[in-house]
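Participant: Sending over a structure as structure tokens; questions will come in a sec.
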Amino acid sequence: MDMIVENNIFRFIYCNLVNTNESCSDFGNFLGILPLGFEWLAFLISGFLLCFIYINGILGAVILSIWGERRLYGRFQNRSGPNRWGPMGVFTSTADAIKVMFKEDVVPVDADKFLFNLAPVLMVFPVFMVFSVIPVGIGTFVVDLNVGLLFILAVTSLSGLAVVIASWASGNRISIFSGLRAVAVLISYEIPMALSLVGVLMLSGTLSLNGIVEAQKIPFILLQPLGFVVFFLASLAEINRTPFDLTEAESELGAGYLNDYSSMKFGIFFLAEFAATIGASAVIATVFLAGWKGPEILPSHIWFGIKLILVLGLIVWVRMSWPRMRIDQILHLAWKGLFELTLINIIVTTIMISIKPDPSVNEMWIMAIINWVICIFSLIIVSKFLNRSVKDNFSNLKNTTPYPVGTEKIKSSFINKKEMVN
Amino acid sequence: MSGNFFIDITFWVVSFLIILGSFYVVTARNIFRGAIGLSFVFICVAIIFFLLNAEFLGVVQILVYVGAVSVLIAFAVMFIKDVVDGSKYSKYRLLSAFLCSFLFFVLIFISQVTEWNSMDSIENEDALAGLEGFYFEESESGSILIKKAEVLSDGVNKGVFINSTLSIGSSLISNFLIPLQVIGFILISALIGSLTIIRQRRKQ
Amino acid sequence: MTLDSLLILSAAVFCIGLYGILSKTNIVSTIMSIELMFNGIIIAAVSFSRFTPSALLMNNSFDVSSFALNTALSGHVFGVFIISIAAAESALALALVFVMFNKKSSVDIVDFNELKG
Amino acid sequence: MFDSDIPVYLIILSPIISFLVNSIFIRIFFGTNSKISGLLTIFTISISFLFSLLALYHVNSNGNYEYDSRLWFSYGSFEIGFGILLDQLTAIMLVVVSGVSLLVQIYSIGYMKNDISYVRYYAYMSLFTASMLGLVTSRNLVQLFVFWELVGVTSYLLIGFWMNRPSAAKAAKKAFLMTRFGDFGFLFGIMYLASKNPEWLDIPTLYNAVHLPDFTHTVATIFSIALLAGAVGKSAQFPLHSWLPDAMEGPTSVSALIHSATMVTAGVFLIARIFPIISLSDESQIILSFIGAFTVIFAASMALVSNDIKRVLAYSTVSQLGYMMLALGIGAYGPAIFHLLTHAFFKAALFLGSGSLHHSTGTFNLKYMGGMKKIMPVTYWSMLIGSLSLAGIFPLSGFWSKDEILSSLFNDFSFLSPNSILFFLAIIGVFMTSFYMFRAIFLAFDGEFRGGGTQEKKDLKKKGLVIPETLEDVHKSEAPKVMLIPVLILVFFAIFLGFFVNPVFDIPLISKHWFSNLLFQNVPVFGDNVHHTDFKFLIAIISSIIAIIGIMLAWAIYIKGYVSLPKNSFIINKLKILLDKKYFFDEIYEDKLVNSFLYNRLFKITEVLDLKFLDNINIYLGKFTLKIGQLLSIGQTGYLQFYAGGMILGVIILLCGIVLWNF
């Protein structure tokens, strides 16, 4: 229970409900509404309230981020962006949400109804789970798991399942292709994503996100540039953002697995996607940018917010700058590029740590310089190799089908011959 | 009304869900739904792990089983001709039902009859005291300290808590080093093996 | 939540998985049932690790060697091992399913009885 | 400076660094024929050379350095260490290896200029130099063996450097396999010694152990003969000699490095390294000296008729290595190493000169050269001096070293004693050496130009033979400066090294017999087995006269034509064929040993055994199992569930059995 008691929000609610001497005495005076003996009820209520606050906070952030992104897209494309509803168009996405809610909810005839309805829920639920372990300020988190970082990896991998379910349950062949692509990309990128965090774990010695934030005497982006690059790219792939957004490639697959979804189910997918973007930015801000840490002129929450918005801006910038990649290029990048980079990062970090197990801040700066040199050097080498391998395979590519690798048979199994004739 | 109560409630509910889900997996005619049921069972088992203070294992269970294995199975399901009605029973159905239930009762009998070296079954108070009074904690330098507990009457805290990712890691590279390497070998050979099998198919 | 109840749960999951293997002819169902059996075994391993202390820990209370500490979590370690084996096994099995489907355009075990004596 | 072993490690490591940088970075970033790699290699090897000179200076002034052995690996109480042993022998070898290597690398800048795989060449060369330097500094026999094999591997890579030529690939394979064949002896020796006492694998401990009663005569004999086998393979001595002439398929600069100064002398170095043990055993000493003496004239006789100038030099190398082995066999430790030193320099000069010849004429065949004296005077003079030195003409360096060997043979001279036989063989060797060397010089440089590579191509095309890829077109010119300077430096040493390193009387700065004395500081001397030879006038005069007779004979035959061999004599023709075919050694190994004996006789017997006896057993066994299998196959229904159910049934029965047994 110690961990939870350090949670300031939880303690605030709990102590206002039941004022016990054990956990509330050092914190100030509280109301203590419930009588003694009802601690368990207070426990439950404050837990639910905490979750309620968090989830609604995320929803608000999503609405704001959609608006912000669209404004930014406008700036990038030299136009003004949404500006009609509310001051500077702040309420545009609210209006969008209301519009989506009132649309007709269509379920295709061929769809597996139960799974079709389950998919959006499964899609949005891991995204909210991610936020539960992220500390957005000093003592402000839902829970501080001692396996927090691994928990984030595990929970985000659930979205792969949701995509498969959504694509299959629609009973639509284009959705299935999109689902297959998504699975290939998600599973491939999970490996560099997990491995890129190993360096951080070795430096901080803990999996808890609070512990990682506290371990950052200088932000880990300086000490782990390779880890940051790989993690950033891998998380872009995991949340399906450009240049890795093949599952919704409108030029090839329409809206991908979202093809048959309409109304609020579509809205939930949309929400999940943007919430995942925020989640990824939050994780990057926490792990690589020292989270809520910062000079004490501003409160910790503000620092966290600034870093979050910076990373979000970077993601938007990437989206506006890069074209979409081909599926084989994406998989090449994962297996032949990022994977090697993570191994280099792990080796370099291991050597560093075995030389200086407990470095001071000055030594950390030296390490940072070495790491950046190695990072740039190995990025150049790996990109050189990647270029070469793509060139080598180009002649083979002409003979392959336009379908993803290993899916040729699906065609015959899913398309009835009668349909083909018709 | 202690924390124990919530844990017990959760345990019973989740166990019930696990058994229900397992039955659904083996009886469902629609294989895709069966696969989704399987991932549901995996998640519930992960919750059981969390209840057993095995957070690391629970997270790994979700990461590997739900994130990779069940997705792969769902992937494989799409290669079946008729997914909706594809899972048929063999001719040994009744016989196997009998065998399995018999095995179940034998296992239960054995687990009940055997005197496990368990926290619950230790009757010698001294031995229990010697064990109960200590718990394990990570020190700041990362080594594991043994501390004497002052209040340990709560049922939740009964048991051996060497509950850290760190100690799993240290046992992986000390006592279980050779199994770990064997596992690595198996993984790499599975990788190469599956690639080889697929390649053969593509040549044809 | 006692050791007994956990063992019964583990045995139940194991036997249900076994029933799935024995009664279903679809190879994907069989693979799924194997995963169920694995899960039953991990539950047993972890609950043993949680509820039965190592004999080395029982003997002396203060002077616990690192060996004893490392064996105390062997249930968890076995769980990790089983999970990684399961991942390898499912990847291989999936490749085999592809090949089987390619050979006979069926994934029914009944169709693969070439080894009949 | 050499108080710790770090500088010595630096000697080995700097070529390794150049190997890594060449093969990883330069190849990727600058392409496969980047000129940076050559400069880098030269830079790193000159660092090695500098430190080697310093090491020699320190060893000369302070005695040998024995550093602590570090633990490499252990198995129970069996511990293998590694470390540096820097004694006088090592210091000299370090200087020889790194010095010759440095000059060869400089030469290669010109010689390999147009090759596509320029970087690969330098990477291999650095690795080779590193492994050779590692070999001579090894403290432990196992460590020595590792470097020994590394030398073998890199020589394989270098001989087969032009791997798209089938002959080069074949030669590389042959060299590797034949040296490996000898290495089994080395490995056996190490294992034998380890079985006696693992601590003896450490060389300083081994030196101290020779006084112990444990170290019996049998141990010394078996061990030294086993190591002798390794040395014979690496140094191309008599039964395993035939790889070295074929190894000339590699680039000439490679031949200059590994077939004159480094790799082939590794065998001599090994024998010198275990000299205290060999000197315990008379049997192995006699074997060693007779192998050496026989190789001297055996190889020289083949050089008499060879038309390929590189092959002449290769046979000459084998013959000269025979001298060194002979010297070690009779206990002349100092003269052997002294001859190794001088030989390394003049032979490298000769090889590099022949490379320049090829550069200019496009061929190695002496029949198509001639008249190059006017076109390339510098090469002519340098090769002439090298040959004079090799022939042992006063006052060049070869004279001093060869005479030391002859003098030590003459030490206790009595009629028909083993020493007298060896002495006569050695004297005959001197004659043959001067004859074949000057035959080659006269054929290449005197007379009219006979067409070079262009002409040879035409002739081969006329006969319908395959044209070897070594043939290039003629462009008559002197070699470029970057190729001449290393040759000139080597020639400088070929002239002066012999006298000034090991003078026969005291001269300023250098004391009498400085080199021999330096070597004797380290090796424990056992009884009469090790001689300290003085200069003998009689021997010097005799050998000089014989050498000059050889030169005169060559002059008479090949320039003036006074003497000519009878054309149709049966014996001469047969002898010529015999020598031309290298005593049919390749054929004996290939046809008689492998094909006739092993394949047709020994394996035929086993074949009959296999077919008549073992196969029948198998057949009946098979029929038996087939019957049982048919019986059992009733249970094989082909259904997976059936098998799984059977397994489960078994488990249930077992569990029930346990339950019933216990309760």
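Participant: Using the crude model of +1 on Lys and Arg Cβ and -1 on Asp and Glu Cβ, and no other charge, please compute the dipole size for region D:51-200 relative to its Cα centre, in debye to 20.
Facilitator: Computed about the Cα centre, the dipole is about 720 debye.
Participant: Next question, about the same structure. Report relative contact order for region A:106-392 in percent, whole number only (criteria: Cα-Cα under 8 Å, sequence separation at least 6).
Facilitator: Relative contact order of region A:106-392: 25 percent.
Participant: Taking the Cβ-Cβ separation of D:Glu283 and D:Lys463 as r and a Förster radius of 60 Å, what is the calculated FRET efficiency to the nearest 0.05?
Facilitator: In this case the efficiency is close to 0.70.
Participant: Moving on. For D:Ile548 and D:Ile375 in the same chain, what is the full-extension length gain: residue separation times 0.36 nm, less their Cα-Cα distance, in nm?
Facilitator: 59.6 nm
Participant: Label-point separation (nm) for D:Ser195 and A:Phe102, each offset 7 Å from Cα along Cα-to-Cβ?
Facilitator: Using points 7 Å along Cα→Cβ, the separation is 9.7 nm.
Participant: Please work out, to two decimal places, the log10 of the ratio I(q)/I(0) at q = 0.12 Å⁻¹ from a Debye calculation in which every Cα of chain A carries one identical scatterer.
Facilitator: One equal scatterer on each Cα of chain A leads to -1.11.
Participant: In peptide C:91-104, how many Cβ atoms from other protein chains are near each Cβ within 10 Å, on average?
Facilitator: Counting other chains' Cβ atoms within 10 Å and averaging over C:91-104 gives 6.
Participant: Of D:Thr295, A:Pro357, D:Thr262, which is farthest along the charge dipole of the protein assembly as shown in the positive direction, counting Lys and Arg as +1 and Asp and Glu as -1 at C-beta?
Facilitator: Going by the charge dipole, the pick is D:Thr295.
Participant: Then there's this: Under a crude label model (7 Å from the Cα following the beta-carbon direction), how far is D:Met647 from A:Lys217 in nanometres?
Facilitator: Once both label points are built, they end up 5.5 nm from each other.
Participant: So if I place +1 on the C-beta of Lys and Arg and -1 on the C-beta of Asp and Glu, and nothing else carries charge, what would the dipole magnitude of chain A be about its Cα centre? I want it in debye, nearest 20.
Facilitator: Dipole about the Cα centre, nearest 20: 1540 debye.
Participant: Take the alpha-carbon centre of region D:65-112, take the same for region D:39-64, and report the distance between them in whole Å.
Facilitator: 11 Å
Participant: Right, another one. How would region D:308-366 be classified by its alpha-carbon gyration tensor: rounded, prolate or oblate, with rounded meaning a/c under 1.5 and the a/b versus b/c comparison settling the rest?
Facilitator: Oblate, since a/c reaches 1.5 and b/c is not below a/b.
Participant: Rounded to the nearest 20 Debye, what is the dipole magnitude of the protein assembly as shown about its Cα centre when Lys and Arg each give +1 and Asp and Glu each give -1 at the C-beta?
Facilitator: So the dipole magnitude of the protein assembly as shown works out to roughly 6540 debye.
Participant: Something else now. Suppose we look only past 14 Å in the calculated P(r) of region A:44-102. What percent of the Cα-Cα pairs does that tail hold? Before the final figure, lay out each step's value.
Facilitator: On the way: 1081 of 1711 pairs.
Summing the P(r) of region A:44-102 above 14 Å gives 63 percent of all pairs.
Participant: How well do other chains shield peptide A:153-163, expressed as the mean number of their Cβ atoms within 10 Å of each residue Cβ?
Facilitator: That works out to 6 on average.
Participant: Another question about this same structure. Calculated from DSSP H runs of 4 or more alone, at -39500 (n - 2.57) each and per residue, what is the 222 nm mean residue ellipticity of the protein assembly as shown, nearest 500? Mind showing how you got there, number by number?
Facilitator: Working: 61 runs with 937 residues, N = 1406.
Mean residue ellipticity, 222 nm, calculated: -22000 deg cm²/dmol.
Participant: Equivalent-ellipsoid semi-axes (√(5λ), Cα gyration tensor) for the protein assembly as shown, whole Å, largest first? Don't jump to the answer; show the numbers that get you there.
Facilitator: Numbers: eigenvalues 1183, 268, 259 Å².
Largest first, the protein assembly as shown gives 77, 37, 36 Å.
Participant: Identify which of A:Asn210, A:Asn56, A:Asn117 has the largest mean-square fluctuation in a Gaussian network model of chain A, with springs joining Cα atoms closer than 10 Å.
Facilitator: A:Asn56
Participant: Looking at this model, which pairs from D:Lys367/D:Lys481; D:Lys170/D:Lys582; D:Lys347/D:Lys402; C:Lys116/D:Lys627 are more than 20 angstrom apart at the alpha-carbon?
Facilitator: Numbers: D:Lys367/D:Lys481 27 Å; D:Lys170/D:Lys582 18 Å; D:Lys347/D:Lys402 14 Å; C:Lys116/D:Lys627 16 Å.
Table pairs above 20 Å Cα-Cα are D:Lys367/D:Lys481.
Participant: Over region D:71-116, consider all pairs of different Cα atoms and compute the Kirkwood hydrodynamic radius from their mean reciprocal separation; express it in Å, one decimal. Intermediate results must be reported in sequence, preceding the final value.
Facilitator: Details: mean 1/r = 0.0713 Å⁻¹.
One decimal place: 14.0 Å for the Kirkwood radius.
Participant: Over every pair of different alpha-carbon atoms in region A:136-180, take the mean of 1/r and invert it; report that Kirkwood radius in Å.
Facilitator: It works out to 12.8 Å.
Participant: If a/c stays under 1.5 just call it rounded; otherwise compare a/b with b/c (prolate if a/b is bigger, oblate if not). Do that for region D:55-142, with a ≥ b ≥ c from the square roots of the Cα gyration tensor eigenvalues. Before the final figure, lay out each step's value.
Facilitator: Working: a/c = 4.99, a/b = 1.61, b/c = 3.10.
Oblate, since a/c reaches 1.5 and b/c is not below a/b.
Participant: Would you be so kind as to identify which of A:Tyr257, A:Ala237, A:Val283 lies farthest towards the positive end of the dipole of region A:169-322, taking Lys and Arg as +1 and Asp and Glu as -1 on Cβ and the Cα centre as origin?
Facilitator: Comparing the listed Cα positions along the dipole, A:Val283 ranks first.
Participant: Further question: So what are the radius of gyration and Dmax for the Cα set of chain D, in Å?
Facilitator: 29.2, 113
Participant: Rounded to a whole number of µm²/s, how large is the Stokes-Einstein D of region A:254-326 at 4 °C and 1.567 mPa s, given Rh as the Kirkwood radius over C-alpha pairs?
Facilitator: 91 µm²/s
Participant: Something else: Quick one: which residues, 5 or more positions from D:Ile84 or on another chain, have an amide H under 5 Å from its amide H? H modelled 1.01 Å from N in the peptide plane, none for Pro or chain starts.
Facilitator: Counting only residues 5 or more places away or on other chains, the set is D:Tyr67.
Participant: A follow-up question, please. In nanometres, what is the gap between the two model label sites at B:Arg93 and A:Ile376, each 7 Å from Cα along Cα-to-Cβ?
Facilitator: Between B:Arg93 and A:Ile376, the simple spin-label model gives 6.9 nm.
Participant: Rounded to the nearest 0.05, what FRET efficiency do B:Gln181 and A:Arg84 give with R0 = 56 Å and r taken as the Cβ-Cβ distance? Could you check?
Facilitator: 0.30
Participant: Can you compute the label reach from D:Asn208? Point 7 Å from Cα along the Cβ direction, backbone N cut-off under 13 Å, restricted to region D:7-26.
Facilitator: Answer for this model: none.
Participant: Over region B:38-91, what relative contact order in percent results from Cα pairs under 8 Å that are six or more residues apart?
Facilitator: Computed over region B:38-91, the figure is 30 percent.
Participant: Now, a different point. In region C:17-47, which residues have a backbone nitrogen under 12 Å from the label point lying 7 Å from C:Val110's Cα in the Cα-to-Cβ direction?
Facilitator: C:24-26
Participant: Give the Kirkwood hydrodynamic radius (Å, one decimal) of region B:1-88, defined as one over the mean of 1/r across all pairs of different Cα atoms.
Facilitator: Final number for the Kirkwood radius of region B:1-88 is 13.9 Å.
Participant: If you don't mind, there's one more thing I want to ask. Is region A:65-214 best put as rounded, prolate or oblate by its Cα gyration tensor, with a ≥ b ≥ c the root eigenvalues, rounded for a/c under 1.5, and otherwise prolate when a/b is larger than b/c, oblate when not? Intermediate values should be presented prior to the final figure.
Facilitator: Details: a/c = 1.96, a/b = 1.20, b/c = 1.64.
Judged from the Cα gyration tensor, region A:65-214 comes out oblate (a/c at least 1.5, b/c at or above a/b).
Participant: Give, as a single signed number, the net charge of other residues whose beta carbon lies under 14 Å from the beta carbon of C:Ser10, with Lys and Arg counted +1 and Asp and Glu -1.
Facilitator: Numbers: positive: C:Arg50; negative: C:Asp4.
Counting the neighbours of C:Ser10, the net charge comes to 0.
Participant: Another question, if that's okay. Please report D:Asp586, D:Asp473, D:Asp183, A:Asp358 as a ranked list, fewest other C-beta atoms within 10 angstrom at the top and most at the bottom.
Facilitator: On the way: D:Asp586 15, D:Asp473 11, D:Asp183 18, A:Asp358 7.
So the ranking, lowest neighbour count to highest, is A:Asp358, D:Asp473, D:Asp586, D:Asp183.
Participant: Among D:Leu518, C:Met100, D:Ala348, whose Cα projects farthest towards the positive end of the dipole of the protein assembly as shown, with charges put on the beta-carbon of Lys, Arg (+1) and Asp, Glu (-1)?
Facilitator: Among D:Leu518, C:Met100, D:Ala348, the one farthest towards the positive end of the dipole of the protein assembly as shown is D:Ala348.
Participant: A further question follows. Using only alpha carbon pairs under 8 Å that are at least six residues apart, calculate the relative contact order of chain D and give it in whole percent.
Facilitator: Once divided by the residue count of chain D, the mean separation gives 12 percent.
Only the coordinates and a few stated rules stand behind these numbers; no lab work does. None of these values were measured; they are calculated from a predicted model. Note that each Cβ is placed from the backbone with ideal geometry, even for glycine, and that neighbours are counted across all protein chains shown.
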